[in-house]
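S.K.: Sharing a structure with you now.
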């Protein structure tokens, strides 16, 4: 049973790691865009700013389905405009990776 499940668990770990990096890039890009929106940079470098907005839209579309359940959960509490859903998703990924790694070790020791 172990040789059949091990590659599947490795693939799940790789997908979780890619998702983790997508979230990190999206969060940093959204911060950069927020600060550029508040400065004159957006008017001086319109093409570069437009590229950054398109990248942000792309990463938003990739991460939104994973963030949606956490945003629904956080809708109950007033967080004063701070979006905590990426942090909760990263925490969930961290926990999932730990559980999968423990399961992987248990299968290998079987």
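The values are calculated or read from the model by the stated rules, or taken from the named source; none is laboratory data. Predicted model, so just to flag it, every value in this text is computed and none were measured. Quick reminder, even Gly has a Cβ in these numbers, built from the backbone with ideal geometry, and neighbours come from all protein chains shown.
To keep it simple, each residue is scored yes or no on (1) surrounded by 12 or more Cβ atoms within 10 Å (Cβ to Cβ); (2) under 25 Å from residue 5 (Cβ atoms); (3) touching a strand residue (DSSP E or B) at 6+ places or on another chain (Cβ under 7 Å).
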{"residue": "63", "(1), (2), (3)": "yes, no, no"}
{"residue": "71", "(1), (2), (3)": "yes, no, no"}
{"residue": "82", "(1), (2), (3)": "no, no, no"}
{"residue": "85", "(1), (2), (3)": "yes, no, no"}
{"residue": "96", "(1), (2), (3)": "yes, yes, no"}
{"residue": "100", "(1), (2), (3)": "yes, yes, no"}
{"residue": "105", "(1), (2), (3)": "no, yes, no"}
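S.K.: So, residue 92, is that one in contact with a helix residue (DSSP H, G or I) (Cβ under 9 Å, 6 or more places away or on another chain), assigned to a helix (DSSP H, G or I) and modelled with pLDDT under 90 or not? Can you show your working first?
M.R.: Details: in contact with a helix residue (DSSP H, G or I) (Cβ under 9 Å, 6 or more places away or on another chain): yes; assigned to a helix (DSSP H, G or I): yes; modelled with pLDDT under 90: no.
So residue 92 does not fit the description; no.
S.K.: Residues in segment 12-30: is at least one exposed (fewer than 12 other Cβ atoms within 10 Å of the Cβ), modelled with pLDDT under 90 and either within 18 Å of the chain's Cα centre (by Cα) or at negative phi (or both)?
M.R.: Checking segment 12-30: not a single residue is exposed (fewer than 12 other Cβ atoms within 10 Å of the Cβ), modelled with pLDDT under 90 and either within 18 Å of the chain's Cα centre (by Cα) or at negative phi (or both).
S.K.: On to the next question. Looking at residue 54, is it loosely packed, with under 13 Cβ neighbours inside 10 Å, in contact (Cβ under 8 Å) with a residue 40 or more places away in the chain and part of a helix (DSSP H, G or I)?
M.R.: On the way: loosely packed, with under 13 Cβ neighbours inside 10 Å: yes; in contact (Cβ under 8 Å) with a residue 40 or more places away in the chain: no; part of a helix (DSSP H, G or I): yes.
No, not satisfied.
S.K.: Could you count how many residues in segment 34-51 are part of a helix (DSSP H, G or I) and either surrounded by fewer than 13 Cβ atoms within 10 Å (Cβ to Cβ) or modelled with pLDDT of 90 or more (or both)?
M.R.: So in segment 34-51, the residues part of a helix (DSSP H, G or I) come out as 34-37, 41-44, 46-51.
Cutting the leftovers down to either surrounded by fewer than 13 Cβ atoms within 10 Å (Cβ to Cβ) or modelled with pLDDT of 90 or more (or both) gives us 34-35, 37, 43-44, 46-48, 50-51.
Residues meeting the conditions: 10.
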